[in-house]
Amino acid sequence: MPRDTLPRGPSYLHHVLIALKNQRSDHFHHQFRINPSTFDAIVATIKLDPIFANSSNNAQMPVEEQLAIALYRFGRDGNGAGLQEVANWGGVGKGTVTLATRRVMTAVLRPEFMENAVHYPSEDAKEEAKRWVHKHSCHAWRNGWCFVDGTLIPLAIRPPWFGESYWDRKDRYSLNAQVFIFCDCVVTFLL
């Protein structure tokens, strides 16, 4: 059988974006690991990025769908993160999964997006946080103003460039994220 005739089943992507987003935000969150309002804010911020424009007779799929595919892929590990699995979920081809992921990452890694989405707290906010820590914590932490934690983000495959650098202590390929959290539980910086 020729490769191009692989039949596709119905897409769960549209059910998530239409039904679950509006009626079951807990199920939406399970699919993408973010709330619908955060999803909408990201779409509104990146939709005008030039990466989502083309001069072809074939229009790109909506930015909302491309972000959904990328987030679904990021939220999976092992076989569930495979291109075919994500393509089956989204009702698209494996190449579309790769293109959507690349476009979303290009948009969110642009300095304009990062300056808007990631920021350090002001000096006044730091002082307020220090007062909160002093009141709610031990004496030794009285000058603290944020909490730092790290987590490993598993990768489905070995990255092609400098792949050995991504091998972690748990014997898998991953990214190491350092998260800076303010005392009001708002993530202020992700490294």
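Solvent-accessible area per residue in segment 1-62 equals 74 Å², computed with a 1.4 angstrom probe and all protein chains kept. Electrostatic bookkeeping for Asn88 treats Lys and Arg as +1 and Asp and Glu as -1; over the other residues with beta carbon under 14 Å from its beta carbon, the sum is +3.
Each of Phe147 and His14 was given a label point 7 Å from its Cα along the Cα-to-Cβ line. The distance between the two points is 4.3 nm. Among residues other than Val108 with Cβ under 13 Å from its Cβ, the summed charge is +1 (Lys and Arg +1, Asp and Glu -1).
Could you state the accessible area per residue of segment 94-147 in Å², with a 1.4 Å probe and every protein chain left in place?
Values: 3940 Å² over 54 residues.
That works out to 73 Å² for each residue.
Solvent-accessible area of the chain (1.4 angstrom probe, protein heavy atoms only): carbon and sulfur portion equals 56 percent. The residues neighbouring Asn35, those whose beta-carbon lies less than 14 Å from its own, together hold a net charge of +1 under the Lys/Arg +1, Asp/Glu -1 convention. Against the chain, whose longest principal axis comes from its Cα atoms, helix 94-108 is set at around 30 degrees. So how tilted is helix 123-136 from the main axis of the chain? Cα-based, degrees 0 to 90, rounded to 10. Taking the Cα atoms of the chain, the angle to 123-136 is about 70 degrees.
With the contact rule set at Cα under 8 Å and sequence spacing of 6 or more, what percent relative contact order holds for segment 43-154? Walk me through the intermediate numbers first.
Working: 73 pairs, mean separation 22.5, N = 112.
Worked out over segment 43-154, it gives 20 percent.
In this simple spin-label model, placing a label point 7 Å from the Cα along the Cα-to-Cβ direction at both Arg110 and Ser37 gives a separation of 2.6 nm.
The values are calculated or read from the model by the stated rules, or taken from the named source; none is laboratory data. All values reported here derive from a predicted model rather than from experimental measurement. No Cβ is skipped: glycine too gets one built from the backbone with ideal geometry, and neighbour counts run over all protein chains shown. These accessible areas exclude ligands, DNA and RNA; they are computed on the full protein's heavy atoms, side chains included. Shrake-Rupley method; radii C 1.70, N 1.55, O 1.52, S 1.80 Å.
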